[in-house]
Structures are given as C-alpha cells and as structure tokens.
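None of the figures in this text is laboratory data; all of them are computed from the coordinates on show. Not measured: the values here are computed from a predicted model. Using ideal geometry, Cβ is built from the backbone for each residue, glycine included, and neighbour counts are taken over all protein chains shown.
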C-alpha cells in the first residue's frame, strides 16, 4: 500500500463571541481513514466545508495533526522530524486549486520549476534546465515558456505549470486539491486527460479532491464521501454513484447534473445548510437533513462498516429503499 491514512484528526482554535470572545475547537477532520495504492486515483468528494482540503494538507503535513497516522510507503510521516520529512517531500507533491496563487508573479516559470530541483539536490547545472524543459514538454507547453512570467499564461496553462512543477521531482503520489474547478469545461477535459496519461505512463497515484461528481467518476477508481469532517461512505467509484448506500451520497448524486435532456431532474434537495463543525449534531451528523432519520440516528454515532462492495456509516443502510437515480 503506497499511502495509508488512519484515524486522522485535525482541529483549529476559533475565537467567537462578543464582547468577551471564547476559544472554541473546530474539528475540521474527525477520524478519517483510507488507503491509496500505487498508480491509483482515489477521489474525495463532499460539500464545501466538509474537510476535503484539510485532509489534503494534512497528508502532506502542511497542517498539524491532532491525532492519527499518515503512512507513506511504509514510513509513518505524521510524526517524522522535519529534516527526515524533507527527504520524502519530492515523492509527495500537490496541485493547488488556484495555480496563480501558488506561483510567484516575480519569478519566471523556468526558475520556479528549477528552484525545487535545486533545493532537493536532484540535479545541478545544465541537468536542471533539461529537467525543466522535459517537464514543460510533458504537460504540453513549449520549452520557451520557461522564460515567461505567470501573468502571461491562461488559467489552463497555469494549471499545466502547476502539474509540471510536481512532475519535475518525479513524485510517487500527487494530491490534487480541486485542480479543475476554476477552469472552463473544455480546459477541464484537457487537464483531466493529461493527468490520466501521466497516471498511466508514470504509474503515479492521485488523491483527487473535488465537489464535482462527474469529474471524479471520470478520473477515480475509488472514492470516499465526506460529510462534516467524517467519511460516511467509500468504495468503487461507479458502484457508489450508481447505487449509493448512504442518504447523503444519494443527495449528492441527485443534485449532480446529468448530461441527458430526456431524463427529468430529481429534486431531492433537503432544506437548510450543513451544521457547523464547531457544534456538530449528536449521533449521525447527517440526521438533521436526512429523510430516513429515526431515534437511533439522533443518539448513536454510526461506524464505518462493510456493506455491499464498500464501507458505509449508516444505521439503516440495509433497509433503505432503492435509490431512484
């Protein structure tokens, strides 16, 4: 197993209240576990604020973990000293949602890519320039692009640069945090096809964060569905989306656009917004919005257990009526 995440918990301190503010604990990620195999694309989906991006950053130690373990290639990196973690950094890379924000406007593209190579001591001299040119060529950009600044590129080209910056270090796994959500549909397809080609040719694993179920269905073999900091369903992507076992996954699926004008849209939208992670509901966290709620849902927290071909955290998964999708 290339990557194994066990019981991941991440919290932040938030001060609320006036005129005497108090410090509250916001549980952004609360007990998330999954694994990723070499060369596999693993998707994480859910509404905004469910903790997807925090999981992505926690995997790479960009935020501090409160509890849990992140094991990469047999090495527990969750408590690894910074000096030892730095040796593994080239193998764990990230593609950000906003590529423009992750590029220095005062640095040429070639210098931005070369900086990582020199910092990690991967190459020196002309070998650095050769790696940069090869990476740009691999993502579909001309070698001359190395002499240009970020503002001279379109959004899709900037995302290609972000991918090239990850590739230049020859990673084993790339964490992609909504890499196509800010792009036009046609450009989305180009970037997804590029990532799929790299996955096949380089055998790179992806942790793919998105709120777009169509994109995840196209790119990922397995998927985890998150709600309010917890994984509530996981399994093979097509099985989850074709026959969802959790009411929340059904809700996501029902409001996802279907490219079929003859198929009527299903209005299975629940009233209200997700509860605040500062004060999550007791029992099942989805129960205030669930149409199948019972008393046990309000008092007892469901555990993630085997069901069908995957895992689901629902007390009534066996007795729910078939999903109309």
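Rounded, prolate or oblate, given the Cα gyration tensor of the stretch 114-181, with a/c below 1.5 counting as rounded? Verdict is oblate for the stretch 114-181. GNM remark for the chain: springs join alpha carbons under 10 Å apart, and the peak mean-square fluctuation among 32, 82, 45 falls on 82. Multiplying the residue separation of residue 149 and residue 15 by 0.36 nm and subtracting their alpha-carbon distance yields 44.3 nm. Calculated mean residue ellipticity at 222 nm for the chain: -8500 deg cm²/dmol, from DSSP H runs with n ≥ 4 weighted as -39500 (n - 2.57), summed, divided by the residue count and rounded to 500. Taking the 0 to 90 degree range and rounding to the nearest ten, how far is the long axis of helix 126-138 tilted relative to the main principal axis of the chain, both from C-alpha atoms? It is inclined by approximately 50 degrees. The mean sequence distance of close C-alpha pairs (under 8 Å, at least 6 residues apart), as a share of the length of the chain, puts its relative contact order at 20 percent.
Taking Cα atoms, how many degrees apart are the long axis of helix 185-202 and the longest axis of the chain, rounded to 10 and kept between 0 and 90? Value to nearest ten degrees: 70. Take the alpha-carbon centre of the stretch 291-325, take the same for the stretch 146-162, and report the distance between them in whole Å. Rounded to whole Å, the Cα centres lie 45 Å apart.
Dividing the mean sequence gap of close Cα pairs (under 8 Å, 6+ apart) by how many residues the stretch 46-107 holds gives a relative contact order of 17 percent.
With a Förster radius of 41 Å applied to the C-beta separation of residue 243 and residue 124, the computed FRET efficiency comes to 0.15. Among 153, 20, 219, the largest mean-square fluctuation in a Gaussian network model of the chain (Cα springs under 10 Å) belongs to 20. For the chain, the Kirkwood estimate of hydrodynamic radius, built from reciprocal distances between every pair of different alpha carbons, is 21.2 Å. Between residue 26 and residue 38, what length comes free when the chain is fully extended (0.36 nm per residue of separation minus the Cα-Cα distance, one decimal in nm)? Value of the extension gain: 1.0 nm.
For the options 112, 205, 166, a Gaussian network treatment of the chain with springs between C-alpha atoms closer than 10 Å singles out 112 as fluctuating the most.
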